[in-house]
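To start, the structure under review is shown below, and the notes come after it.
We did not get these values from a lab; they are worked out from the coordinates using the rules stated. Computed from a predicted structure; not experimentally measured. Note that we place each Cβ from the backbone using ideal geometry, even for glycine, and neighbour counts take in every protein chain shown.
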Amino acid sequence: MPKTLFPCTACGQCCKNVHLSEHTDYLDRGDGMCHHLDDSSLLCTIYEDRPLICRVEDYYEKHLSHLYEWDGFVKMNIEVCEQLKDS
């Protein structure tokens with residue numbers, strides 16, 4: 001398991017842009033946003049039961065830990081977060 005938690009700020013940008021990834025586009029409610037995202041709070045309505053793709057640490061362990069070191073994976077994701085915030 002990674003040593004530090006993923007530094008999510010709960011900004012909702014990844015949930016507002018599920019249409020941008022083939023891994024999350026099935027969550028698109030038709031406008032690019034996840035159908036589990038609460039528009040007013042920007043929180044997940046199924047957080048405790050969210051899909052594996054939405055559980056960063058678990059998804060990393062299952063699918064990506066053999067490809068990337070945790071710190072490098074976090075850095076890549078932070079860069080994507082920043083790009084989504086800037087767009």
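Annotation for residue 85 and residue 6: the two label points, set 7 Å from Cα along the Cα-Cβ direction, are 1.6 nm apart.
The candidate values were [x] 91; [y] 104; [z] 123; the one computed from these coordinates for volume of the Cα convex hull per residue in Å³ carries the label [y].
Relative to the longest principal axis of the C-alpha atoms of the chain, give the angle of the C-alpha long axis of helix 70-86, reported between 0 and 90° and rounded to the nearest 10°. Rounded to the nearest ten degrees, it is 30. Near residue 74, once Lys and Arg are set to +1 and Asp and Glu to -1 for all other residues with Cβ below 12 Å from its Cβ, the sum equals -2.
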